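Everything on this sheet refers to the single structure shown next.
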Amino acid sequence: MAKNDDVCRRLLTIGPFVATALVATAGDPNYFSSGRHFAAWLGLTPKQHSTARKERFGGISKRGDSYVRKLLIHGARATVHNIRSGRVKGAWVAGRLARGHFSVATVALNKTARIAWAVMTTGQNYRVAV
């Protein structure tokens, strides 16, 4: 499937395991109005327990497809581990690690789902920001 499908080939620039699972699960990415809605559909956004004065966020909602969510979280966990050990540079994640726990930084990488949505909807390959 990955060799024949154009969307899968573009998603392979993000990660090889996630590409086919996202295409098979998500179907038409234009169904979602934004990457945030796509990440929420996968269950990667935190639950809110907020009041008018204070925003409080809980754990991720764990709704959506658990297999795709596991793939994204395991990929993020490997990325955060490589950044923490100094093998790879990542200013944003390194700052997040300095402010909080390893697992919080891992789930904060739900931006991978947002990037995948952008790659699926725009028709462009993923470009790493330098």
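The values are calculated or read from the model by the stated rules, or taken from the named source; none is laboratory data. Bear in mind the structure is a predicted one, so any value in this text is a computation, not a measurement. Reconstructed Cβ throughout: ideal geometry from the backbone, glycine too, with neighbour counts over all protein chains shown.
Restricting Ala78, Ala21, Ala91, Ala2 to residues that are free of Cβ contacts under 8 Å to residues at least 24 places away in the same chain and touching a helix residue (DSSP H, G or I) at 6+ places or on another chain (Cβ under 7 Å) narrows the list to Ala2.
Would you confirm, using the coordinates I've provided, whether Ala52 is more than 15 Å from the chain's Cα centre (by Cα) and within 27 Å of Thr122 (Cα to Cα)? Spelling it out, it is not the case that Ala52 is more than 15 Å from the chain's Cα centre (by Cα) and within 27 Å of Thr122 (Cα to Cα). For segment 103-121, the criterion of being closer than 22 Å to Leu12 by Cβ, exposed (fewer than 15 other Cβ atoms within 10 Å of the Cβ), without any contact (Cβ under 8 Å) to a residue 40 or more places away in the chain and under 13 Å from the mean Cα position of the chain (by Cα) is satisfied by no residue at all. Could you please give the count of residues in segment 24-43 that are without any contact (Cβ under 8 Å) to a residue 60 or more places away in the chain and crowded, with 18+ Cβ neighbours inside 10 Å? Total meeting the criteria: 3.
Applying the set (1) modelled with pLDDT under 80; (2) over 17 Å from the mean Cα position of the chain (by Cα); (3) surrounded by fewer than 12 Cβ atoms within 10 Å (Cβ to Cβ) to Arg127 leaves exactly one unmet item: (2). Would you mind stating whether Arg96 is over 24 Å from Ala26 (Cβ atoms), touching a helix residue (DSSP H, G or I) at 6+ places or on another chain (Cβ under 7 Å), buried (at least 16 other Cβ atoms within 10 Å of the Cβ) and basic (Lys, Arg)? Considered against the rule, which asks whether it is over 24 Å from Ala26 (Cβ atoms), touching a helix residue (DSSP H, G or I) at 6+ places or on another chain (Cβ under 7 Å), buried (at least 16 other Cβ atoms within 10 Å of the Cβ) and basic (Lys, Arg), Arg96 comes out as yes.
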